[in-house]
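**Student:** A single structure is presented below for examination.
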Amino acid sequence: MQKNVIQPNPPEIAAIFQQMQNDISALREQLKARDAELKMRDAEIERLTQMLVNAQRARFGQRSEKRAYVIDDGSEQLSLFDEAEQEASESAPEPEIETFVPAHVRKKKRTKEELFKSLPVKEIEYELSPDQLIDEKGYHYECIGREFVRSELNILPQQVLRMDYYRKIYASKQHEKDTGYASIRKPELPQPVMKHSMASPSSVADVMAKKYAGGMPLYRQEQEWKRRGVELSRNTLANWVIRPTNDWFMPLYELLKQTLLEEAIIHADETRVQVLKEDGKPATSQSEMWVYASAPRSKRQIRYFDYQSSRSGECAKTFLTGFHGILISDGYSGYNKLEGMIRGGCWSHARRKWRDAMPKGVNPENSKAVQGYNFCSRLFALEKKMADLPDDKRLEERQKSGRALLEKYWSWLESFVPEKGSKLEDAVRYSLNQKEFLCAFMNHGNMEISNNQVENAIRPFAVGRKGWLFCDTPKGASASAVVYTLVESAKANNIDPYRYLLRLLTILPMYGDNPPLEELLHLLPWSDYLQKECAA
């Protein structure tokens, strides 16, 4: 029996085939869309993972910018950028600083004399009593020497004394007899730090030094005063900071600014500060503490703090009016408003960008971030070798040793395209955008390659801010800027901040509102007078 086979019509076959082709094309498009979506998700996961790693590094990791496998001290190390450079000849025109991880060397233990050589010494001797110098048989004993037993560190608690000032009153009986009225004379008294107040130069200097040099907030100082038996509120202590600052320190503060603007090089940076009671701004908003510093090679070491309510570049432009030297800063765009000066960039920031771009578990041999980091580290190693050279010699060495390394760095940056939105892209973009400023040091022997000078001045402010958190009023923030200027400038010139503040609070009230310029010049922290009187 023959079965009937139904033969499909050719048009039906064509329609089915076309439908299958359409379905396959649709599936391919869906797969492409899914692949693109997965790629975007992977990139986002990588970005968020890197943000988490950076946050953990900032909170728990090492503070140094050096990695475990990268050291920029100029010693011979295993090169992580180009294996062939390990065999480079010393006579080659381009010096390459090779890197290795040195074996751990235990620091030599210092002696007691080295640890405590700056402390005053008081000797305590134990003697036998007269009765003990004669034994039971009648023999007399004489001292034939002495032996060392031990050393101890003795703490003398700080004392608080109430100083009552009196002055004698003088009269001439003969004058009264001859004229019929009395003539009274009194000795002049030194001007107080604060009128109608118990504050003295030493107490005010103590409060200022502990807050601004020691990072001790006023509420903790209030508790310390209470333990000494003195009830002083933090509001009173705040007045002890603000009023003497406004009354006596402002002429010196302005002189320091004028002196700074006469420098050939200025370092600049800024950091946030919260001020609660600022007109027109909510308490949660951020203001800025602008910080400026003279160059490391300057004989006049100045650290200048300038409180402003915003981070606008106009703040720096206004402050630096009349300055026509070299300004070194990071890549903040606000500095682009400055005119009439040479701009220098910061290689520490560039290197930091590469460090932040290093993923967790990075392989040094194939990581672009490590390669970029090593370029920066080699540049720092070269600079370290030139640290003690005079300006002209350092410029000559830079032209001879550093130019080839820089050219190689910029060429390398152009050789690859980083993934968009990645930390690696941030690092590449920072260097390329800052190229003009990062290369400026090649034309100036007196110029540093980083902005570390001013960042080191900001660090005590940032550490202290963790304790006191915010300023209550703009007056308090401005007073803090003035005192930080004096304290950090004192430290930069190797004089003791407390002794410096005590000297200022003792001398400046003697001259009133308009102290003579020649007297102010003697009170600048690098003056011979203060170097002798307030040496750290």
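**Student:** Between rounded, prolate and oblate, where does the stretch 446-536 land on the alpha carbon gyration tensor, with a ≥ b ≥ c its root eigenvalues, rounded for a/c under 1.5, else prolate if a/b exceeds b/c?
**Tutor:** Numbers: a/c = 1.97, a/b = 1.24, b/c = 1.59.
In terms of gyration-tensor shape, oblate.
**Student:** Using a Cα distance threshold of under 25 Å, what count of lysine pairs results for the stretch 141-252 when pairs must be 8 or more residues apart or interchain?
**Tutor:** 11
**Student:** Further question on the same structure: How do the peptides 196-205, 302-311, 408-417, 10-19 rank, highest first, by the average count of neighbouring beta carbon atoms within 10 Å per residue? Display every interim value, and only then the final one.
**Tutor:** Numbers: 196-205: 18.1, 302-311: 21.9, 408-417: 12.4, 10-19: 10.0.
Order by mean packing, descending: 302-311, 196-205, 408-417, 10-19.
**Student:** Using only alpha carbon positions, build the gyration tensor of the stretch 166-245, then give the equivalent ellipsoid semi-axes as the square roots of 5 times its eigenvalues, largest first, whole angstrom. Before the final figure, lay out each step's value.
**Tutor:** Numbers: eigenvalues 368, 30, 17 Å².
In descending order the semi-axes read 43, 12, 9 Å.
**Student:** To continue, here is another question. Modelling each spin label as a point 7 Å along the Cα-to-Cβ direction, I'd like the residue 529/residue 35 distance in nm, to one decimal.
**Tutor:** The two pseudo-label positions are separated by 8.0 nm.
**Student:** Sorted by accessible area (1.4 Å probe), largest first, how do 131, 42 line up?
**Tutor:** Details: 131 130, 42 95 Å².
Per-residue accessible area, sorted high to low, gives 131, 42.
**Student:** Further question on the same structure: Apply the a/c threshold of 1.5 to the C-alpha gyration tensor of the stretch 364-416 and tell me whether it is rounded, prolate or oblate.
**Tutor:** Numbers: a/c = 4.69, a/b = 2.01, b/c = 2.33.
Oblate.
**Student:** Count the lysine pairs in the stretch 350-465 that are 8 or more places apart or on different chains: how many have C-alpha atoms under 16 angstrom apart?
**Tutor:** Count of close lysine pairs: 15.
The values are calculated or read from the model by the stated rules, or taken from the named source; none is laboratory data. These numbers were taken from a predicted model, which means no experiment stands behind them. Neighbour counts are summed over all protein chains in view; Cβ atoms, including those assigned to glycine, are modelled from backbone coordinates with ideal geometry. Accessible surface areas use protein heavy atoms only, side chains included; no ligands, DNA or RNA. Shrake-Rupley method; radii C 1.70, N 1.55, O 1.52, S 1.80 Å.
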